[in-house]
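Working notes, beginning with the structure itself.
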Amino acid sequence: MHAWPLPRNRVITVRPSYPAIPPYNPHMDIAALIAQYGYAMVFLGTLFEGESVLLLAGYAAHLGYLDFVVLTGVAGLGALTGDQFFFWLGRRHGTILLRRRPALHGKVQRALDLIQKHPAGIILAMRFMWGLRIALPVAVGLSKVNRWHFFWLNLASAALWAPLVGGTGYLFGALLSRHLAVLHRVEHWGMLGLVATLLILRGYLHSRHIRS
């Protein structure tokens, strides 16, 4: 077979091939952010009053962004750590803290009255008592409750609280998916709606607490 020679003045250019850029997908960005930072945000949120964060994380677990078992473990650890810190703060520096924060004095006094009447029951239920979540462990630190007695009750409370609140967010997502065939298209709006509802509810309960 005869091979025809290429013309001498012909220049062959090879164009580099670039990988195709996928179209922008905001849902993938949300999934990546939650998967990367979700557990850390849950831990930080549950150090304080973390119901809003945990409910939202439970909703994200239903969508498959987080593992529910890991989520409840992280939330329980964060809640336990936060309350142990506030207990230590009340036991070591409670008097100084109340002197520097007069607004906290009324809540701590109210919490002390509750603890003196029903110490074990109040410690188990303190995570469900909005408005006194920080004041209660501080008040327990100021009381005569033994630190190990508080630790075991606090551990039991965290073990009940984390799956209950996280499961509520998970069930919220399940109800939405049952009634909305296009949940994957509106999932970010559902998250924002859940957060807004919780903030409004907490603001309402806080205003009632101030008036009372």
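The values are calculated or read from the model by the stated rules, or taken from the named source; none is laboratory data. Given the structure is predicted, the values throughout are model-derived calculations rather than measurements. To get the accessible areas, we keep the full protein, side chains included, count just its heavy atoms, and leave off ligands, DNA and RNA. Shrake-Rupley method; radii C 1.70, N 1.55, O 1.52, S 1.80 Å.
Quick look at the numbers
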| item | result |
| --- | --- |
| Coordinate range along principal axes, alpha carbons of segment 39-108, Å, largest first | 47, 19, 14 |
| Residues of segment 52-125: accessible area per residue with a 1.4 Å probe, Å² | 52 Å² |
| Gain upon complete extension [Met129, Lys144; 0.36 nm per residue less C-alpha separation] | 3.3 nm |
| Rounded percent of accessible protein surface that carbon and sulfur make up, segment 19-176, 1.4 Å probe | 70 percent |
